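Trainee: What follows is a structure written as structure tokens; I'll ask about it next.
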Amino acid sequence: MPLLKGKSDAVVSANIRELMESGYPQKQAVAIALREAGRSRNTVTRGTKPPKKNRSRSAKDRAILATINAGLK
């Protein structure tokens, strides 16, 4: 049951198939195949934060908020 070498999706898929035919559960076969390929199941690296949204308001929005705030005072 030697696994194929490589990082491509086709190689990983073939390795998963081989491992499952050997009796490994699907989740374990995926983990082993990805580890052998040097890949991760997660696409986002741990410890990174998503980019912040641009929260700047337009001049129109600022005018509306100023009007609302003036009416509250």
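Trainee: Condition first: at pLDDT 90 or above, loosely packed, with under 10 Cβ neighbours inside 10 Å and either in a helix (DSSP H, G or I) or among the small types (Gly, Ala, Ser) (or both). Can you find one or more residues in region 27-39 that meet it?
Mentor: Yes: region 27-39 contains one or more residues that are at pLDDT 90 or above, loosely packed, with under 10 Cβ neighbours inside 10 Å and either in a helix (DSSP H, G or I) or among the small types (Gly, Ala, Ser) (or both).
Trainee: Look at residue 23 and say whether it is modelled with pLDDT of 90 or more and on the phi > 0 side of the Ramachandran plot.
Mentor: In short, yes.
The values are calculated or read from the model by the stated rules, or taken from the named source; none is laboratory data. Remember, predicted model here, so these are calculated numbers, not experimental data. Heads up, the Cβs are rebuilt from the backbone with ideal geometry, glycines too, and the neighbour counts pull from every protein chain shown.
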